[in-house]
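Read the structure below first, then the notes.
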Amino acid sequence: MNFPWKKFLKMVALIAIPVALQNLLTTTGSMIDTMMISSLGEREVGAVGLCAQFTSLMFSCYWGFVGGGMLFFSQFFGAGDDEGINRSYGLTLTFMMAVGFTFGILAHFFPGFIMSLYTDKTAIQEIGIEYLKVVGFAYPMQVFSMAMAALLRTTERVRIPLIGAIFSVSSNIFFNYCLIFGHFNMPALGVRGAAYATVIAAFINMIVVFTLAVLSKHKYIAAFRHHFRWSRESLKLYFIKCAPILCNELLIGVGFMITNIVLGRQSESAIAATAVFRTLEGFSISFFSGFSNAASVLVGKEVGAGNLKDAYARAIRLVYLCQLVIGIGCITLIAVHTPLLGGTMNLSGESFTICTGMLIIYSVAAFIRMGNWAQNDTFRSAGDAKYGTILEIAFQFAVVVPAVVLSGITFRLPFLIVFACSYIDEPIRYVLMQIHLYNGKWIKPVTPQGLEALEKGFR
C-alpha cells in the first residue's frame, strides 16, 4: 500500500506549524527577557534562570495530566464522543489547577527555601527570592492556559492558542521594557519588573484564549456543566491511563531538579551560561514540540476511530520526521551561536565558552533525545503510557542522576563533563524504544471502536 504522503504532510503541517509558531513566540519572549535581564548582570540572569528551573518542576508535575488528558481527548475526538471529551477535560483541568495553585503558594510564601535548593550563592538567592514572590501569581493562570491549549489542539483548533501566544508575548516584551528599565514613566524595578511582566502576560494569554474559544463556539471549553460528570468507572480508567505518565513526569522532574541543583553549585559564569542555554534550548524544542503534538493527535485520533493500520503507519513516519526537524533546529543554533551568545545575549569570556560547549553537546544529544520523546508521546496517545515511563524513570535514577552527582559533587569534574552526563542514557533508550515502536504493542485503545478493531488484529 502506497502511503499518502501529500495528505499526511498537510495534516501534520496544519497541527505542527501553529503549535511550533506558538512555542517559538513564547521562546522568543523568554529570550528577550533574558537579553533584557542580562544587561543587569550575570547574577541577575543566573537567578532568573534558576527560578525558571522551579517553573520547569511545576511543568513536570502537571504535564502528566496534560499527557493523560490528550490521550483521552484525541481518542474520544476520533470516536466522536463529546461526553468523553468533556469529562476527561474536567478531570484534567481540576488536577492541573491544583498543581498550579500549589506552586504559586510555594513561590510566594517560601521563595528563600526554593532558592536555597537550587544554589548556594547568597547574592543569587536574594535576587531569585525577589523574582519568585511576584511570579508565583502567574502560575495558576499559565496552567489554566495550558489545559485549554491541550484541549484546543487535540480538537483541531490550534490557531486559538497561537493567537493567545501572540498577545501574551507582545505584552510580556512591552512590560519588560517598561518595568525593568522604567520607560514610559513606569518605575524601574529590575528583576521584579520582569516578574510583574510575566504575571500580566499570563493573565492576557488566559483571557484571550478563553474568549476566542467561546466566540468561535468551541463545544468543550465552556461546557462547565458537563466537565464534572464523573463516574467511578471513568475516574478509574483516567487514573489507570494517567498514573504511569504522572509518575514519569514527576520523577523525571525530580531527576532534573537534582541535576539543576548540581549545576547551580558551579561557578557564577556556569550558572549564567546555563540560564542562556536553557533559553536557546527552548528554540529547538519549539520546532520539535509542534511535530510531537501532531504525532499525539494524528495517531491518537486514528486509534480512537479504530483505524489501527493507519495509526501504526503514521507513527513510524512521524518519529523520524520529528528527528529531522530537531536536527535542523540544532544545526541552525550552532551556525549562529557566536553572534547570538556574544552580541545578543551579552555573554563573554568563560560564560561564552561554557555556553558554546553546552550547545554543541546538546546538538548531538538532542537528535536522539527528541526521537525518544516523539516515540513516548506516540505510545501515550495510543494508550500505552507504561513502556516509555518505565524506561525513562529506570535510566534516570540508575544512570543519569548518579553520573551527574558523582561527576559534579564528588569528583568535581569540569562543568561540561557534568552537563554531558545528563544525556548518557539516551542512545540505549532509543534502541529499546525503536524495538517497541515496530512491534506495535503500544496500540491500546480506550474507545469501543478501537477495542473492536484491536480484537480483529491490524498487522
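The values are calculated or read from the model by the stated rules, or taken from the named source; none is laboratory data. Here the structure is a predicted model, which means the values were calculated and not measured. Note: ideal-geometry Cβ built from the backbone for every residue, glycine included; neighbour counts use all protein chains shown.
Below are the figures for this structure:
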quantity	calculated
Selection status of S116, among the polar types (S, T, N, Q), modelled with pLDDT of 90 or more, assigned to a helix (DSSP H, G or I) and surrounded by 21 or more Cβ atoms within 10 Å (Cβ to Cβ)	no
Matching entry among S145, S168 (being touching a Pro at 6+ places or on another chain (Cβ under 9 Å) and crowded, with 20+ Cβ neighbours inside 10 Å)	S145
Selection within the stretch 295-312 - surrounded by 24 or more Cβ atoms within 10 Å (Cβ to Cβ) and not aliphatic (A, V, I, L, M)	S296, G300, K301, E302, G304
Enumeration of residues in the stretch 43-82 that are in a helix (DSSP H, G or I), at pLDDT below 90, over 21 Å from the mean Cα position of the chain (by Cα) and surrounded by fewer than 22 Cβ atoms within 10 Å (Cβ to Cβ)	R43, A79
Any hit, the stretch 18-25, residues being crowded, with 23+ Cβ neighbours inside 10 Å, modelled with pLDDT of 85 or more and out of contact with any strand residue (DSSP E or B) (no Cβ under 8 Å at 6 or more places or on another chain)	no
Residues of the stretch 220-237 satisfying the condition of being surrounded by 14 or more Cβ atoms within 10 Å (Cβ to Cβ) and either modelled with pLDDT of 85 or more or among the aliphatic types (A, V, I, L, M) (or both)	Y220, I221, A223, H226, H227, L237
Residue that is nearest to the chain's Cα centre (by Cα), among those in the stretch 370-395 that are over 30 Å from Q449 (Cα atoms) and modelled with pLDDT under 90	M370
Extreme residue, modelled with the lowest pLDDT, among residues of the stretch 314-342 that are over 12 Å from R369 (Cα atoms), small (G, A, S) and under 21 Å from the mean Cα position of the chain (by Cα)	G329
Among (1) crowded, with 24+ Cβ neighbours inside 10 Å; (2) in contact with a Gly (Cβ under 9 Å, 6 or more places away or on another chain); (3) more than 30 Å from I409 (Cα to Cα); (4) small (G, A, S), the one test that S292 misses	(2)
Number of positions in the stretch 341-351 that are buried (at least 19 other Cβ atoms within 10 Å of the Cβ) and not in a loop (DSSP other than H, G, I, E, B)	2
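A quick yes/no check of all residues on (1) touching a residue at least 12 places away in the same chain (Cβ under 8 Å); (2) in contact with a Phe, Trp or Tyr (Cβ under 6 Å, 6 or more places away or on another chain); (3) closer than 30 Å to E302 by Cβ:
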position: Q22; (1), (2), (3): yes, no, yes
position: S39; (1), (2), (3): yes, no, no
position: E42; (1), (2), (3): yes, no, no
position: L50; (1), (2), (3): yes, yes, no
position: T55; (1), (2), (3): yes, no, no
position: G67; (1), (2), (3): yes, no, yes
position: S74; (1), (2), (3): yes, no, yes
position: G78; (1), (2), (3): yes, no, yes
